[in-house]
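Peer 1: Take this structure, written in structure tokens, and hold onto it; I'll ask about it next.
The values are calculated or read from the model by the stated rules, or taken from the named source; none is laboratory data. Nothing here was measured: the structure is a model prediction, and the numbers come from that model. Here Cβ is always computed from backbone atoms with ideal geometry, including for glycine, and neighbour counts include all displayed protein chains.
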Amino acid sequence: MARTSNEKLFDLYLRHQIRLQGLSKKQERQLIKLMNKADAKLNRTVTARLRALGPGKLKLGAFRKEVNLLRKEIIALVGQKIGEVIGDVAEIELAAGKNFIESAVPIEFNAKAPDPATVQATLRRAAFGGDEMALTLTKWMQQLTTADSNRIMGAVAAGLQNGEDIEQIVRRVGNATALTRNNVNALVRTAVNHASNTARNEVFKANSDIITALRWVSTLDGRTSAICRARDGDVGPVPGKEYPAGTTWTLDPPEAQPPAHVRCRSIKVAVLDGEGIDDTLGNRPFVRDTRTRRVREKNFREDAHKKVGDEAWKKMSPADRNGMIRDMRRDWVKTNVGTAPAGTTYEQWLRQQPRSFQNEVLGVEKAKMWRDPDNNLTMDNFVDSLGRERTIAEMQRLYDI
């Protein structure tokens, strides 16, 4: 059975989001390489100062200035790189969003594209991270810099107070910078999700005449947050679109936008409006059958006539005939455009995808484990309690595979 436009659009966006998460991981690895070099330089600095002065003679005030200079430099570079990633993701998303809508609808047309400069400006101004912790990228980097410096100095001070040797103090510093690296990972993932959803939202706003609502889709493949699990499948309005008075939404609040929190992977997907598509796109040929609007309307009239028969058709008023034709059009819309896929979890969706895509998402060996019915594995098994991905060896040991 052919997929409806909404089913196709759902698939396109979910596949795209998974690949964006892969992009996030790639960026994380590149930034962590930079951080590792900076951490090694910091460790050498701490070691050199302690050896030169002796742990008991290190002046923390002067040392803090030196640490601040070292760490501000690396974190500023990280912030610059994340800003570049955000811009690139938005550019990718604008092109993808236009392409996805054009690919999904059953009529040839040109989707509207938002102004890229306006989207980039919106990204620079926008705060992200969820309702409880929404900051601009600049504020995030300032907070990261302060927290990093305080942790490092706290580690050195605690080591000196406890009378620890140089190796022990350096180990404390390493633990402090490991937390910063973890925060950078979280920030990259959150920033990429923020950029993609912001740009995607602008595409939806630009094409709101053929979009009836936006559906929240959560990646239910592990320790999904309570808020995202609760919102999965809920629908809200297209920003800026006018709706009839009294319109109700299942999304709470209706205007909620991903990311809902740090490391959020949720997205919003457009729900195409079948009648809006038919009313808006004018005399354009179908992708599936290449009919023009004029021919299509003629066929709807012929189908309505055939349905009631010659005698009944002759007795009908023009208004009744138009009503029948409208019913034919709506049947076509229902069949071809459809409604948003409902009640499907991420895992159920992934099991319906080709093996090649499952392998791309999970990796060949993990996908093989997951598909084997004897293993009885679900997505929850692939991550630990902190949401970190388990290795193949860990999977084999934990589940006796």
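Peer 1: If you go through the stretch 1-51, how many residues are touching a Leu at 6+ places or on another chain (Cβ under 8 Å) and under 22 Å from residue 91 (Cα atoms)?
Peer 2: Total meeting the criteria: 1.
Peer 1: Something else about it: With respect to residue 65, determine if the residue is surrounded by fewer than 16 Cβ atoms within 10 Å (Cβ to Cβ), in contact (Cβ under 8 Å) with a residue 12 or more places away in the chain and of a type in the set (D, E, K, R).
Peer 2: No, not satisfied.
Peer 1: So which residues in the stretch 356-370 are of a type outside the set (A, V, I, L, M, F, W, C) and touching a helix residue (DSSP H, G or I) at 6+ places or on another chain (Cβ under 7 Å), if there are any at all?
Peer 2: 358, 359, 365, 366
Peer 1: Looking at the stretch 234-255 only, could you name the residues that are surrounded by fewer than 18 Cβ atoms within 10 Å (Cβ to Cβ) and either small (Gly, Ala, Ser) or outside any loop (DSSP other than H, G, I, E, B) (or both)?
Peer 2: Within the stretch 234-255, 240, 245, 246 meet the criteria.
Peer 1: Inside the stretch 1-35, can you point out the residues that are under 30 Å from residue 63 (Cβ atoms) and either free of Cβ contacts under 8 Å to residues at least 40 places away in the same chain or in contact with an Asp or Glu (Cβ under 9 Å, 6 or more places away or on another chain) (or both)?
Peer 2: 33
Peer 1: Can you tell me which residue within the stretch 93-118, out of those that are without any contact (Cβ under 8 Å) to a residue 40 or more places away in the chain and in a helix (DSSP H, G or I), is farthest from residue 9 (Cα to Cα)?
Peer 2: Result: 117.
Peer 1: Taking residue 125 as the residue in question, decide whether it is more than 17 Å from residue 205 (Cα to Cα), free of Cβ contacts under 8 Å to residues at least 40 places away in the same chain and surrounded by 14 or more Cβ atoms within 10 Å (Cβ to Cβ).
Peer 2: Criteria not met by residue 125.
Peer 1: For the structure I just gave you, tell me whether residue 206 is more than 27 Å from residue 72 (Cα to Cα), crowded, with 21+ Cβ neighbours inside 10 Å, in contact (Cβ under 8 Å) with a residue 40 or more places away in the chain and of a type in the set (A, V, I, L, M, F, W, C).
Peer 2: It is false that residue 206 is more than 27 Å from residue 72 (Cα to Cα), crowded, with 21+ Cβ neighbours inside 10 Å, in contact (Cβ under 8 Å) with a residue 40 or more places away in the chain and of a type in the set (A, V, I, L, M, F, W, C).
Peer 1: Within the stretch 122-145, how many residues turn out to be farther than 23 Å from residue 44 by Cβ and outside any loop (DSSP other than H, G, I, E, B)?
Peer 2: Of the residues in the stretch 122-145, 13 are farther than 23 Å from residue 44 by Cβ and outside any loop (DSSP other than H, G, I, E, B).
Peer 1: In the set 70, 50, which member is closer than 19 Å to residue 171 by Cα, of a type in the set (A, V, I, L, M), part of a helix (DSSP H, G or I) and in contact with a Lys or Arg (Cβ under 8 Å, 6 or more places away or on another chain)?
Peer 2: 70
Peer 1: Taking residue 165 and the conditions (1) farther than 23 Å from residue 68 by Cβ; (2) in contact (Cβ under 8 Å) with a residue 60 or more places away in the chain; (3) surrounded by 18 or more Cβ atoms within 10 Å (Cβ to Cβ), which numbered condition does it fall short on, given that it satisfies the others?
Peer 2: The number of the failed condition is (3).
Peer 1: Can you name every one of the helices (runs of 4 or more DSSP H) wholly within the stretch 265-337 that holds 1 or more residues which are surrounded by 14 or more Cβ atoms within 10 Å (Cβ to Cβ), of a type in the set (Lys, Arg) and modelled with pLDDT of 80 or more?
Peer 2: 293-308, 318-336
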